[in-house]
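First the structure, in the form of structure tokens, and then the observations on it.
The values are calculated or read from the model by the stated rules, or taken from the named source; none is laboratory data. Remember, it's a predicted structure, so these values are computed and weren't measured experimentally. Note that each Cβ is placed from the backbone with ideal geometry, even for glycine, and that neighbours are counted across all protein chains shown. Just so you know, the surface numbers come from the protein's heavy atoms only, side chains and all, with ligands and any DNA or RNA stripped out. Shrake-Rupley method; radii C 1.70, N 1.55, O 1.52, S 1.80 Å.
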Amino acid sequence: MSSFDDLKEKLVSDARVTWERIQESGAYNQLRDRYENMTPAMQKLTLVGGVALVSLIILSVPYGKYTQSTEYVGEFESKRMTIRELLKVSRESSDVPQIPQAPSMDMIRNNIDNQIKAANLLPEQIKGTEVQENNSNLVPKNLTEGLLQVSLAKLNIRQVLDLGYQFQSINPSVKMKDMVMTANREDNRYFDVVYKLVALAVPAAPAPEAPEPPSRGNRFKRNNNNDSGDE
């Protein structure tokens, strides 16, 4: 408590000395003379202006700190939002399933022929399968391995849906690009259907690096250590 009193007395004495120096300065005396020569109204305005100026100077310090802290908070929230977006993108990218490579067009064609045979369709219903080039703008040509067109006739709705689902399920990299369905001319209860399947060009996964074989120097050193241990 005594140290606080000493500090208080020191501050008071320093303030008194400073005030005495200000009173002895010529600028203070000139301002005092001008103030005394003013009218009472002007003196009151000058006093109010001085108090306002001093108050503004005092308040500018905490206001500056507040403004700076507000900028820091805004910068922190912006960086936090950016980090959250990066973490969200990272999680979404890690959750993306790995698509395998598509089988060859011959394998896809054989698989589809087997599915058509398993559906017990009549020979007149099978119009054939044909490998074509992908000229569609929906899937760029450089992103596909090829296009397979399957033409069938006189199918009912159940057969259209079942065969389309089976064709789509051949491989995750084989997609149904298009399906054209028209009523059969001989019997409008049935439909002629053309399925178009594309095989996506999925790049092969990089092969894991093989471990490096131990060098001859390390092998020779290990053998020498074993021999020394036997002795």
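Things worth noting here:
- Based on the convex hull around the alpha carbon atoms, the stretch 3-72 presents an average projected area of 7.8 nm².
- FRET efficiency, residue 201 to residue 76 (Cβ-Cβ, R0 30 Å, nearest 0.05): 0.10
- Among the GluC sites (Glu not before Pro) in the stretch 111-182, those placed in a DSSP loop whose Cβ has at most 13 other Cβ atoms within 10 Å are 133.
- Lysine-lysine proximity count for the stretch 105-200, Cα under 22 Å, sequence distance 8 or more or distinct chains: 15
- Measuring nothing but protein heavy atoms, the accessible surface of the stretch 3-72 at 1.4 Å probe radius is 65 percent carbon and sulfur.
- Principal semi-axes in Å for the stretch 105-200 [√(5λ), Cα gyration tensor, largest first]: 23, 14, 11
- Here the Karplus curve 6.51 cos²θ - 1.76 cosθ + 1.60, taken at θ = phi - 60°, turns the phi angles of the stretch 123-128 into couplings of x, 6, 8, 9, 8, x Hz, with x standing for Gly and Pro.
- Estimated at the nearest 10 Å², the accessible area of residue 22 is 70 Å² with a 1.4 Å probe.
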